[in-house]
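The values are calculated or read from the model by the stated rules, or taken from the named source; none is laboratory data. Owing to the predicted nature of the structure, the values given are computational and were not obtained by experimental measurement. FYI the Cβ positions are ideal-geometry reconstructions off the backbone, even for glycines, and counts take in every protein chain you see. Heavy atoms of the whole protein, side chains included, go into the accessibility calculation; ligands, DNA and RNA do not. Shrake-Rupley method; radii C 1.70, N 1.55, O 1.52, S 1.80 Å.
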Amino acid sequence: IKNSGYELGDYDLALLVEPDSAQVLAAVEKELAASPVSEVVFCGLGEPLLRPELVMEVGRALKSRGLRVRVNTDGLASLVAGRNMAVELEGAVDAFSVSLNAHDSETHERICPNSFGSDAFGAVQSFIKSCSGKYDVTATVVDNTAVDVEKAREIAQKLGARFRVRG
């Protein structure tokens, strides 16, 4: 979907406008009224932390209701923002699932291309480390023949995160 358009089956996932925090909260409230949950997860086709102020505002509102808040992220938020997002998100987020996705910089650059090139893998590791101890952090990799899963597991553990292999 990321490379071929916004259609998934019969669904058009393109947004006409980016929702503001009030619209996101209203949509979440509607869903919670229909089916209560204990955790809300920011994730999707894009990177949730490209809009950190929205995540902070909505996350704090949800946490004030006793909900757990998790962010699934590519781990590049601090690099993109130019500041330590782990510190800024305190009080708004309980947990992170960070896509480590590789065991070294070259593999990361090949399977997760982005505008930061070889700086990205180090930034992901720095984000995981800065979150460890403050949040519940899980580093993940996709089960892929290009990734040395055991080396990635060692990196995650060294950074203070749990580790999970995604199918």
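Here A146 does not fit the description of being of a type in the set (A, V, I, L, M, F, W, C), within 14 Å of the chain's Cα centre (by Cα) and more than 24 Å from S38 (Cβ to Cβ). Each residue in the range 130-145 was checked for being among the small types (G, A, S), assigned to a strand (DSSP E or B) and either in contact with a helix residue (DSSP H, G or I) (Cβ under 6 Å, 6 or more places away or on another chain) or touching a residue at least 60 places away in the same chain (Cβ under 8 Å) (or both), and 1 of them qualify. Looking across the range 1-30, the residues that are within 21 Å of the chain's Cα centre (by Cα) and among the charged types (D, E, K, R) come down to K2, E18, D20.
No other residue among F127, F121 is assigned to a helix (DSSP H, G or I), under 11 Å from H103 (Cα atoms) and in contact (Cβ under 8 Å) with a residue 12 or more places away in the chain apart from F121. Residues that are farther than 22 Å from A95 by Cβ and among the hydroxyl-bearing types (S, T, Y) were ranked within the range 111-129; the one that is most open to solvent (accessible area, probe 1.4 Å) is S115. A152 falls short of the stated requirement of being in contact with a Cys (Cβ under 8 Å, 6 or more places away or on another chain) and under 28 Å from R68 (Cβ atoms). Listed by first and then second residue, the pairs linking a residue in the range 32-50 that is closer than 16 Å to N114 by Cα and hydrophobic (A, V, I, L, M, F, W, C) to a residue that is outside any loop (DSSP other than H, G, I, E, B) and open to solvent by less than 70 Å² (accessible area, probe 1.4 Å), with Cβ atoms under 7 Å apart and 6 or more places separating them unless they lie on different chains, are L49/V55; L49/V71; L49/T73; L49/A77; L49/M85.
Looking only at the range 153-162, decide whether some residue is open to solvent by 50 Å² or more (accessible area, probe 1.4 Å) and small (G, A, S). Yes, the range 153-162 contains at least one residue that is open to solvent by 50 Å² or more (accessible area, probe 1.4 Å) and small (G, A, S). Please return the ranges of helices (runs of 4 or more DSSP H) entirely within the range 1-110 where 1 or more residues are under 29 Å from G122 (Cα atoms) and either open to solvent by 40 Å² or more (accessible area, probe 1.4 Å) or among the hydroxyl-bearing types (S, T, Y) (or both). Per the criteria, 52-64, 77-81, 85-88.
Within the range 130-152, the set of residues being surrounded by 18 or more Cβ atoms within 10 Å (Cβ to Cβ) and closer than 10 Å to A102 by Cβ comprises V141, V147, A152.
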